[in-house]
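Engineer: First the structure, then my questions, so here it is.
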């Protein structure tokens with residue numbers, strides 16, 4: 001079997017095994033051989049190389065312009081010579097003249113190996129990039145490889161991802177071979193292959209985990225309306241049901257807490273509060289402060305701020321350790337929230353009465369009743 005036929009068979013095999021088009025490889029090889037022709041002809045701008053797709057035979061053509069008087073024989077040909085090649089040739093036409101060098105088959109074979117190896121790398125890199133770029137803003141499962149400085153290298157199958165220090169949960173420690181779920185922040189195409197940055201701290205990680213775990217979210221019955229997260233410590237998530245017969249919170253919690261507990265385990269015991277979403281700001285704010293009980297919520301639509309009154313014994317629970325519960329509630333609702341105990345509110349009210357800040361005719365009891373009317377208490381979520 002000659003070298004040309006061997007080349008075609010090799011490319012057919014590569015096409016089958018690597019899923020890289022034979023035509024793409026042959027085009028790349030033709031372009032590479034055009035550049036190689038510069039060594040033979042001093043220039044290559046009018047050179048065309050054609051490789052027969054079946055036999056592998058390589059032909060080199062110089063594309064020459066038909067002129068009356070030849071001033072540059074490399075790119076021009078006389079009308080008389082052109083008509084010997086093509087009887088229909090005329091002044092101004094471009095005619096192909098075969099100029100295949102005698103040793104060009106050997107040159108082609110050498111180039112073929114280089115081009116094929118390079119093209120395979122390029123195509124494999126492109127395939128990997130396309131495969132993982134589709135996972136951007138989604139979750140993947142990886143296996144911890146090693147620490148690289150303060151970053152962690154995590155194998156995703158065919159490529160490694162980088163979990164930078166900024167995207168790691170404080171206090172979370174991994175060992176080689178640990179399996180871990182990650183949120184794909186970004187996939188960049190580089191000459192060394194896709195560079196993938198992942199996160200363990202992003203709020204969307206929690207959202208994607210619930211989407212994967214809860215069938216009612218997958219089919220659109222339940223929607224996640226908002227998430228506020230302090231990674232490694234606590235997350236608050238608001239959900240809404242598009243079906244009045246389906247309890248959104250219950251669907252996310254699962255039977256005996258099975259669904260939410262699976263996610264808590266994946267997040268290494270991060271606490272998760274799931275609340276019902278409401279279009280009523282006061283109700284939403286009350287829900288967001290769960291597990292604390294609320295007496296009343298006064299909202300200022302213009303300032304997008306709210307004053308929340310809670311029982312005296314619930315104040316520390318409503319605010320949370322180092323203010324976390326109130327902070328997450330404010331982030332989840334996007335409202336400024338001022339929390340007061342009932343006694344604090346009464347003291348504030350009494351002070352305003354002393355300062356004459358209530359209108360004439362308003363008694364102290366009237367003012368308190370007006371502020372605390374429609375008292376309602378929300379039971380904490382499990």
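Engineer: If I model the chain as equal point scatterers sitting on the Cα atoms and use the Debye formula, what is log10 I(q)/I(0) at q = 0.10 Å⁻¹?
Structural biologist: -0.81
Engineer: Shifting gears a bit: Mind ordering 226-238, 264-276 by average Cβ neighbours within 10 Å, highest first?
Structural biologist: Ranking the peptides 226-238, 264-276 by packing returns 226-238, 264-276.
Engineer: Report the per residue volume, in Å³, of the convex hull enclosing the C-alpha atoms of the stretch 230-323.
Structural biologist: Convex hull of Cα atoms, per residue: 130 Å³.
Engineer: By how many degrees, 0 to 90 and rounded to 10, does the Cα axis of helix 203-213 deviate from the longest principal axis of the chain?
Structural biologist: Helix 203-213 sits roughly 90 degrees off the main axis of the chain.
Engineer: Can you figure out the FRET efficiency of residue 280 with residue 172, using R₀ = 41 Å and their beta-carbon distance, to the nearest 0.05?
Structural biologist: Calculated transfer efficiency: 0.65.
Engineer: Defining a contact as two alpha carbons under 8 Å apart and six or more residues distant in sequence, what relative contact order in percent does the stretch 202-277 show?
Structural biologist: Relative contact order here is 32 percent.
Engineer: At 222 nm, what helix-only mean residue ellipticity would the chain give, in deg cm²/dmol to the nearest 500, using -39500 (n - 2.57) for each DSSP H run of four or more?
Structural biologist: Computed mean residue ellipticity for the chain: -11500 deg cm²/dmol.
Engineer: Given springs between every Cα pair under 10 Å in a Gaussian network model of the chain, which of 56, 171, 320 has the largest fluctuation?
Structural biologist: Comparing 56, 171, 320 in a Gaussian network model of the chain, the most mobile one is 171.
Engineer: Sticking with this structure for a sec: For the chain, give the share of DSSP beta bridges that are antiparallel, in percent and rounded to the nearest 5; count only bridges with both residues there.
Structural biologist: So the antiparallel bridges in the chain amount to around 70 percent.
Engineer: Okay, moving on. Given the options 61, 174, 210, state which has the largest fluctuation in a GNM of the chain using a 10 Å cut-off (strictly under) for Cα springs.
Structural biologist: Judging by the Gaussian network model, the answer is 61.
Engineer: Further question: Could you state the per residue volume, in Å³, of the convex hull enclosing the Cα atoms of the stretch 96-233?
Structural biologist: Expressed per residue, the convex hull around the Cα atoms of the stretch 96-233 is 186 Å³.
Engineer: Sticking with this structure for a sec: Highest first, please rank the peptides 16-22, 84-90 by the mean number of other Cβ atoms sitting within 10 Å of their residues.
Structural biologist: 16-22, 84-90
Engineer: Still on this structure: Between residue 10 and residue 245, with labels modelled 7 Å along Cα→Cβ, what's the label distance in nm to one decimal, could you check?
Structural biologist: Once both label points are built, they end up 6.7 nm from each other.
Engineer: Then there's this: Run through the DSSP bridge list for the stretch 3-123 and note the antiparallel percent, rounded to the nearest 5.
Structural biologist: Expressed as a percentage, antiparallel bridges in the stretch 3-123 total about 75.
Engineer: Grab the eigenvalues of the alpha-carbon gyration tensor for the stretch 202-277, scale each by 5, take roots, and send me the semi-axes largest first in whole angstrom.
Structural biologist: Working through the eigenvalues yields semi-axes of 19, 13, 10 Å.
Engineer: If I take R0 = 35 Å and measure r between the Cβ atoms of residue 126 and residue 79 in this structure, what FRET efficiency does the formula 1/(1 + (r/R0)^6) give, to the nearest 0.05?
Structural biologist: E between residue 126 and residue 79, to the nearest 0.05, is 0.15.
Engineer: With just the Cα atoms defining each centre, how far is the stretch 145-193 from the stretch 300-351? Give it in Å.
Structural biologist: First find each Cα centre; the distance between them is then 39 Å.
Engineer: Using 0.36 nm per residue, how much length does the chain from residue 146 to residue 69 gain when fully extended, once their Cα-Cα distance is taken away?
Structural biologist: Taking residue 146 through residue 69 to full extension adds about 20.6 nm, to one decimal.
Engineer: Could I ask something else about it? Given contacts defined as C-alpha pairs under 8 Å and at least six residues apart, what's the relative contact order of the chain, whole-number percent?
Structural biologist: 9
Engineer: Can you give the Rg/Rh ratio of the stretch 143-192, where Rg is from the C-alpha atoms and Rh is the Kirkwood radius?
Structural biologist: For the stretch 143-192, the value is 0.94.
Engineer: How much length, in nm to one decimal, is gained on full extension between residue 192 and residue 91, taken as 0.36 nm per residue of separation minus their Cα-Cα distance?
Structural biologist: Once the chain is fully extended between residue 192 and residue 91, it gains 31.3 nm.
Engineer: If a/c stays under 1.5 just call it rounded; otherwise compare a/b with b/c (prolate if a/b is bigger, oblate if not). Do that for the stretch 3-123, with a ≥ b ≥ c from the square roots of the Cα gyration tensor eigenvalues.
Structural biologist: Note, shape of the stretch 3-123 comes out prolate.
Engineer: Between residue 153 and residue 24, 0.36 nm times their residue separation minus their Cα-Cα distance comes to what?
Structural biologist: Using 0.36 nm per residue and subtracting the Cα-Cα distance, I get 43.1 nm.
Engineer: For the chain, set up a Gaussian network in which alpha carbons nearer than 10 Å are linked by springs, and say which option among 318, 248, 112 fluctuates the most.
Structural biologist: 112
Engineer: Antiparallel DSSP bridges in the stretch 180-281: what percent, to the nearest 5?
Structural biologist: 70
Every number here is computed from the coordinates shown, using simple stated rules; none is lab data. All values derive from a computational prediction rather than experimental measurement. Cβ atoms come from the backbone with ideal geometry, glycine included; neighbour counts cover every protein chain shown.
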